[in-house]
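Step one of this worksheet: look at the structure below.
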Amino acid sequence: MHQPYYRDDLSSQIVMPWVFLHAIKDYYDMPWYLEQFPKIKATFNLVPSLLIQLKAYETYDVNDYFLKTLKENVSDLTHTDKVYLIEYLFFSNVEHMIKPFGRYYDLYQKKERYESYEKAASHFTNSEFLDLEVLFILSWCGEYLRQNNPIVKSLIIQQRDFTHKQKLTLLRSLTEFIKEIIPYYKKLSDTGQIEITTTPFNHPIAPLLFDIQNAKLANPYTTLPHYEGNLQEDALLQIDRSIAYFEKLFGKKPTGFWPAEGSICYEFLEVLSEKGIAYACSDEEVLYKSGHFSKEDSYKNTVLTFNEKKINLFFRDKTLSDLIGFTYSGWDSTHAVDDFMGRIKEIHQSAQTSQNINVILDGENAWEHYPNNAKDFFEKLYETLSESSWCQTTLMREVLQDTSIPTNTITQIQPGSWINANFDIWIGHPEKNRAWELIFETKKDFQKYQDTLSDSVIAQITKEFLIAESSDWFWWYGDDHHTDLASTFDLLFRTHLMNIYTLMEKKIPSALFTPIVDENKKTESFFHKAKNSISPIIDGKISNFFEWLGAGEIDLEKELSSMNTDNFVIKKILQGCDNKQCYLALIGDFSKFFEKGSLEIEIGSKCYTLPISNKRQIVENIEYICDEILEIALNKELVANQEIQIKLFLNGQLVQLLPLYSKITFDCQEALKNNWYI
């Protein structure tokens, strides 16, 4: 569970509301699902930069710009306020958060008729705005609130025509609810059902703070920023402050760390061991890059030894973790759990000893893509695990005491993260590197004037540096992740550095006023409708430039924003139609799939299995062939008014669900209508 620090401390204003929204949806629901099943244990990682903001939201009058605007009477809102609000008030998953509220979906469809937030804001009445505000908050309320909070329950039943007083009553109720979150984790930790771990305070990529050259060690082709000096002192502060804050909240020191994004290196882990941390976690690929090529090694209790100390390491099973994070949301919960348990059973049956399987994933971003905030899935999973005679859940600290699990002792570890065992998501791109350069330049200026500053000012400046080192700012820079709020993240990052000059009473360099993100570069949608009719040759190749020109496009890497998609086999889907047929092209690397892979295409209630082959095949009016790309032709009557989803299998194992959180539909008439040239 983590969020970057959204508050600008000099103005005392919280710039973005994501801590509040995930607080009412995820931070309580996830342990609450667990508590209903006493046999189930799990480890929750709580990042201090999140915890300190949760504490801020325990006050109703918290200085959150979004909430303060939301609390205004809609009749007092300026047009600028309404334009700002209408952008945020549709930041809900359409399928699982908007559609279940009929009134909300109607307002969403109305907004979609306008080409800009500016125009949409002008066409919403005050009563529509008020309904929209309340419905947005209700859509973010998790299953616990929907079942147990009488105010939330009554407003969901009401559906529309809300009053200003009801809106404020709802927000006050949610403030009281947020006060329960941290004590709830402490209670479950004290009873022994959960374990709580932590992360360096502001969720930095610690190996880059210890030595930015670790980026090169992880990937020699990474381009480093221009820099002087190092940030190792900040890395140590991030660790020390995290341990101290954890002890303040929970009354004991943490036993383990989930380093931000699973990012580890030798010197970082050595420091953790010196601080009395018993274990840390990363991804299995980091273990493989360190010379341990057996999957079974990731299921052992790995011990990294230093000269005098040691630390235990847990490595996440990438496949199992990513199935929950990216795939099972599109499945029936029973089917998903059967698949998950079947995979664990295979590991169990192939092993000669006890195995420790680590399933580690994001705690807040996946669940809006599941029906009912993943409650059905977790209940089925926890029930099945509770009844299992051959498998049990355990806490990580308990694994350290379990002598039935083999130990694997190592003396070195490669730097890496949970994404491709390198740090390229946070460094290497010109935008990411520019952010690093600004930190180093600001640090150099601070060191120049440090002796003239008071201890209290130095303390404030140090806090700003630690905030600016959060991984999240770098996550949104570059081309690998996309958000409509990229410019807001960019400005907030630069504001933290600007604040340092303000605190030093020095002129802010012009470089900090220059956006890192190209503000003229609009964030692209992951889906683009077909512009023209197409009639491609079904030969597994893009035979000529015009063959798929004007086709619709689903960019599967952009369908997600806050989660990583580097392991996707299929990156894009092209789609279109002519007067007779509808067409799909799957773009990706199929070299491993010939004769070993297959597609399952679900068209409405029907399912078709297509073995992947470089020979033209016809399965029940579906013609296809795979070569450089996989091209499919479908009878229009087969797909008319139907939703389509595709599953990619290799050797009978699911590899990818596409699209992940939406469905493919063909709007053939619209495509033909647009087929005009002047």
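Read-outs throughout are calculated quantities, based only on the coordinates presented, and are distinct from any laboratory measurement. Predicted, not measured: the structure shown is a model, and the values here were computed from it. Quick reminder, even Gly has a Cβ in these numbers, built from the backbone with ideal geometry, and neighbours come from all protein chains shown.
Placing unit charges on each Cβ (+1 for Lys and Arg, -1 for Asp and Glu) gives the chain a dipole about its Cα centre, and among ILE344, THR442, ALA215 the Cα reaching farthest toward its positive end belongs to ILE344.
The length gained by stretching the chain between LYS606 and GLU115 to full extension, at 0.36 nm per residue less their Cα-Cα distance, is 173.1 nm.
Across the chain, the mean sequence separation of Cα contacts (distance under 8 Å, 6 or more residues apart), normalised by length, yields a relative contact order of 12 percent. Applying both filters, DSSP loop and at most 14 other Cβ atoms within 10 Å, to the chymotrypsin sites (Phe, Trp or Tyr not before Pro) of region 578-622 gives PHE594.
Compute the length gained on full extension between LYS309 and TYR60: take 0.36 nm times their separation in residues and subtract their Cα-Cα distance, giving the result in nm to one decimal.
85.0 nm
Here r is the Cβ-Cβ distance between LYS253 and SER389 and R0 is 41 Å; the resulting FRET efficiency, rounded to 0.05, is 0.70. The value of relative contact order for region 1-72, using C-alpha pairs under 8 Å at least six residues apart, is 50 percent. Distance between the C-alpha centres of region 208-229 and region 578-619: 42 Å, rounded to the whole angstrom.
Separation of region 322-388 from region 37-82 is 29 Å, based on Cα centroids. With both labels modelled 7 Å from their Cα along Cα-to-Cβ, the TYR227 to LEU168 distance reads 4.9 nm.
When the charge dipole of the chain is built from unit charges on Cβ atoms (+1 for Lys and Arg, -1 for Asp and Glu) and taken about the Cα centre, the candidate among ILE419, PRO536, LEU168 whose Cα reaches farthest toward its positive end is LEU168. Label point of SER350 set 7 angstrom out along Cα-Cβ; within region 272-291, amide nitrogens under 17 Å from it belong to 284-285, 288. Residues VAL62, VAL619, VAL134, arranged from fewest to most other Cβ atoms within 10 angstrom of their Cβ, appear as VAL619, VAL62, VAL134.
Only loop residues by DSSP count here, and only those with at most 12 other Cβ atoms within 10 Å; note down the GluC sites (Glu not before Pro) in region 207-310 that meet that.
Of the GluC sites (Glu not before Pro), the ones in loops of region 207-310 whose Cβ has at most 12 other Cβ atoms within 10 Å are GLU228, GLU308.
Taking each DSSP H run with n ≥ 4 as -39500 (n - 2.57) and averaging over every residue of the chain yields -11500 deg cm²/dmol at 222 nm. Across region 193-315, Cα pairs under 8 Å and at least six residues apart give a relative contact order of 25 percent. Using 14 Å as the cut-off for backbone N distance, which residues of region 151-177 belong to the label zone defined by a point 7 Å from the Cα of ASN126 along Cα→Cβ? It comes to 162-165, nothing else. Once the chain from LYS615 to LYS39 is taken as fully extended at 0.36 nm per residue, the excess over their C-alpha distance is 202.2 nm. Once the Cβ-Cβ distance between ASN579 and ASP539 is put in as r, and R0 is 25 Å, what FRET efficiency do you end up with, to the nearest 0.05? Calculated transfer efficiency: 0.75.
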